[in-house]
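> Just passing along the structure, written as structure tokens.
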Amino acid sequence: KQILYSVARTESGELIHAVDAEKGRAYFCGYCQDPLVLKKSGNSGRGSKRPHFAHKSLSPNCSPESALHFEFKSMLVDEIGRRINEQRAIPISWKCAYCWCEHSGNLIKKAHRVLPEYSIGKCRPDLALLADDSRVLAVIEVVVTHAPEEAAKEFYRKNGIALVEIHLDSDDVLTNVG
């Protein structure tokens, strides 16, 4: 499925989905901050494109994949921060590498804050979940085009830091955060 610019920022910096946007308003790319144009025909059905944004002029340093990564990460920081403040669980399940059984729990059970691009040694994960003593409990990597390097994975393993990888192959996920 083709990844499109399905979200943009308004002049006030608020995130807006293309389906909710109105023609004639000013929109900007959350990743590169360049102006975007709303592409929304009003038609639906076979052969019609879903609503999306496009750069007013070509931006060689910005791609739909970069924008997807940036916006999803931003939305995730906001949602996790809100859940930590409200003490609302984020259910997570995984297959254990030791016993091969399915386990489940609350991703933010011990977390007191979430920080984007937090440096941990030589690693800089997309998001870090920190305990009340600022110890890193878990990191989250948002994967659109490439997964974390093996050296980073080994660092997390050696330091008892849980790694959560979220693989994105579509911009549809931007409508499902929260």
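> 5 Å is the cut-off here: which amide hydrogens, built 1.01 Å from N in the peptide plane, fall below it relative to ARG113, excluding neighbours closer than 5 in sequence?
For ARG113, the qualifying residues are LEU130.
> Between ASP78 and ILE120, what is 0.36 nm times their sequence separation minus the Cα-Cα distance? Round to one decimal in nm.
Length difference between fully extended and current span is 13.0 nm.
> Oh, and also: I'd like to check one number: the per residue accessible area of the range 85-178, probe 1.4 Å, reported in Å² as a whole number.
I get 66 Å² per residue for the range 85-178.
> Separation between the GLU149 and ASN85 pseudo-spin-labels, each 7 Å from Cα along Cα→Cβ, expressed in nm?
Those two pseudo-labels are separated by 3.6 nm.
> Between ILE92 and ASP34, what is the spin-label point distance in nm, taking each point 7 Å from the Cα along the Cα→C-beta axis?
3.5 nm
> So what J values fall out for the range 17-26 if you push phi through Karplus, 6.51 cos²θ - 1.76 cosθ + 1.60 with θ = phi - 60°, rounded to Hz, Gly and Pro as x?
Computed from phi, the couplings for the range 17-26 are 7, 4, 5, 9, 7, 10, 4, x, 8, 8 Hz.
> Of the lysine pairs in the chain, how many meet both conditions: Cα atoms under 17 Å apart, and a spacing of 8 or more in sequence or different chains?
Close lysine pairs under the 17 Å cut-off: 12.
> Would you compute the Debye intensity of the range 62-133 from its alpha-carbon atoms alone, equal scatterers and no solvent, and pass along log10 I(q)/I(0) at q = 0.27 Å⁻¹ to two decimals?
Evaluating at q = 0.27 Å⁻¹ gives log10 I(q)/I(0) of -1.14.
> Still on this model: Please give, to one decimal in nm, the separation of the simple spin-label points placed at ALA54 and LYS23, each 7 Å out from Cα toward the Cβ.
1.4 nm
> Let me ask something else about it. What net charge do the residues around ASN106 carry, taking every other residue with its C-beta under 14 Å from that of ASN106, with Lys and Arg at +1 and Asp and Glu at -1?
Once positives and negatives cancel, what remains is +3.
The values are calculated or read from the model by the stated rules, or taken from the named source; none is laboratory data. Just so we're clear, the structure is a prediction, and the values are computed from it rather than from any experiment. Using ideal geometry, Cβ is built from the backbone for each residue, glycine included, and neighbour counts are taken over all protein chains shown. Protein only, heavy atoms only, side chains kept; ligands, DNA and RNA dropped before computing areas. Shrake-Rupley method; radii C 1.70, N 1.55, O 1.52, S 1.80 Å.
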